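Visitor: The structure follows.
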Amino acid sequence: MESLKRMFDLKGRKALVTGSSQGIGRAIAAGLAEYGADVMIHCASNRAKAEAARAEVEAFGARSGIVAADLADPGAAAVLRDATREAIGDPDILILNASVQIRKRWQEVTPEEYRVQADTNFASCLWAVQAFAPAMRARRWGRIVTVGSVQQVRPHPDMIVYSALKLALVNLVRSLAPDLAKDGVTINNLAPGAIETGRNEKVLSDEEYRRKVESKIPLGYIGEPRDCAGMALLLCSEAGRYITGQDVYVDGGMGMP
């Protein structure tokens, strides 16, 4: 029987992680590199942060590269594919982590704010799967992970569009899983809870608000990006080969009924 430790080994694998210049995406990129994968870094525009993430990946001896693309652009998927192929080769692993979050009461959301979130948070994932899955299917091995949110089941009143789109990702995953499975490609949704990231830094610095959030988490504390990296490693390795079409929460129990 194959060693469980060896089943987590990603040597020879290649990954693209969107939104990997910071936060959860950066932690996942570093985690995959630590276990042997070459990892392509994606950013929207901040190349300084992307360079720092790339250096972290390369410190593990992995090959890397940087691609900047606005995922709200329908042509971004082709840009990601071509740049990744040139830098490290066709990826076996695709982590769809990047998203846009606009905090507003539902009455105040504008059509443009809706469009940016819909194109970035949902449509870009579909276009990316269309761009990257064919090569995975041809090799009969692939791992795709979308990054959702605990808001799928505990929607925030000031992020109605964001919450709805994260739930839509779950249905995307469940719709694609049976077809992709025929060719050895798994697809799952990883749903983080409240995590210490730059996006949440301002709101979580308010002690009263922080205590309110922590009171909803059975484990009683805010998570860190690396808490999501471990689950991503499982889903992207041979250790997770029998997991597909699933919605997996990394949220300290926050999403429980």
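None of the figures in this text is laboratory data; all of them are computed from the coordinates on show. Bear in mind that the values here come from a model prediction, so they are computed numbers and not experimental data. Note: ideal-geometry Cβ built from the backbone for every residue, glycine included; neighbour counts use all protein chains shown.
Visitor: Report ³J(HN,Hα) in whole Hz for each residue of the range 117-123, in order, from the Karplus equation J = 6.51 cos²θ - 1.76 cosθ + 1.60 where θ = phi - 60°; Gly and Pro get x.
Guide: 5, 5, 5, 7, 7, 10, 4
Visitor: At 0.36 nm per residue, minus the direct Cα-Cα distance, what do Glu224 and Arg211 gain on full extension? Give it in nm, one decimal, please.
Guide: The Glu224-Arg211 span can extend by a further 3.0 nm.
Visitor: If you average the alpha carbon positions of the range 33-104 and of the range 132-153, how far apart do those two centres end up, in angstrom?
Guide: With the range 33-104 and the range 132-153 each reduced to a Cα centre, they are spaced 15 Å.
Visitor: May I pose another question? Placing unit charges on C-beta atoms (Lys and Arg positive, Asp and Glu negative, everything else neutral), compute the dipole magnitude of the range 107-192 about its Cα centre in debye, rounded to 20.
Guide: Dipole about the Cα centre, nearest 20: 620 debye.
Visitor: Next question. Based on the Cβ-Cβ distance from Trp141 to Glu196, what FRET efficiency comes out when R0 is 35 Å, to the nearest 0.05?
Guide: According to the calculation, E is roughly 0.55.
Visitor: I would also like to ask the following. For the charge dipole of the chain, defined by +1 on Lys and Arg C-beta atoms and -1 on Asp and Glu C-beta atoms about the Cα centroid, which residue among Pro111, Phe8, Gly193 has the Cα displaced farthest towards the positive pole?
Guide: Positive-end residue among those listed: Phe8.
Visitor: Sticking with this one: For a paramagnetic label modelled at 7 Å from the Cα of Ala181 toward its Cβ, which residues of the range 142-165 fall within the zone defined by backbone nitrogen distances under 12 Å?
Guide: Within reach of a label on Ala181, which here means backbone N under 12 Å from a point 7 Å along Cα→Cβ, the range 142-165 contributes nothing.
Visitor: Among Val203, Leu233, Ala29, which residue has its Cα furthest toward the positive end of the charge dipole of the chain, with +1 on Lys/Arg Cβ and -1 on Asp/Glu Cβ?
Guide: Leu233
Visitor: Among the listed pairs Lys11/Lys49; Lys49/Lys216; Lys166/Lys216; Lys49/Lys104, which have their C-alpha atoms separated by more than 22 angstrom in this model?
Guide: Listed pairs above 22 Å: Lys11/Lys49; Lys49/Lys216; Lys49/Lys104.
Visitor: Counting every Cα pair in the range 4-250, what percent are over 23 Å apart?
Guide: That tail contains 47 percent of the Cα-Cα pairs.
Visitor: Still on this structure: Restricting attention to the range 134-233, which chymotrypsin sites (Phe, Trp or Tyr not before Pro) occupy a DSSP loop and are surrounded by at most 13 other Cβ atoms within 10 Å?
Guide: Loop-located and lightly packed - Tyr221.
Visitor: Moving on to the next point. Collect residues whose amide H, placed 1.01 Å from N in the peptide plane, falls under 5 Å from the amide H of Val248; neighbours closer than 5 in sequence don't count.
Guide: Asn189, Leu190, Ala191
Visitor: If you put +1 on each Lys and Arg Cβ and -1 on each Asp and Glu Cβ, how big is the dipole of the range 41-120 around its Cα centre, in Debye rounded to 20?
Guide: 240 debye
Visitor: For the chain, modelled as a Gaussian network with Cα springs under 10 Å, which listed residue fluctuates most, Arg143, Arg226, Arg211?
Guide: Looking only at Arg143, Arg226, Arg211, the largest GNM fluctuation is found for Arg211.
Visitor: Figure the gain on full extension for Arg154 and Arg105 (residue separation times 0.36 nm, minus the Cα-Cα span) and round it to one decimal in nm.
Guide: Here the answer is 16.1 nm.
Visitor: Follow-up question, since we're still on this one. Pick out, from Pro91, Ala135, Leu80, the residue whose Cα sits farthest towards the positive end of the charge dipole of the chain, with +1 on the Cβ of Lys and Arg and -1 on the Cβ of Asp and Glu.
Guide: The Cα lying farthest towards the positive end belongs to Ala135.
Visitor: How large is the dipole of the range 4-250 about the Cα centre if only Lys and Arg carry +1 and Asp and Glu carry -1, each at its Cβ, rounded to the nearest 20 debye?
Guide: Value, rounded to 20: 540 debye.
Visitor: While we're on this one: Helix-only estimate, please: 222 nm mean residue ellipticity of the chain, summing -39500 (n - 2.57) across DSSP H runs of length 4 or more and dividing by its residues, to the nearest 500.
Guide: -13500 deg cm²/dmol
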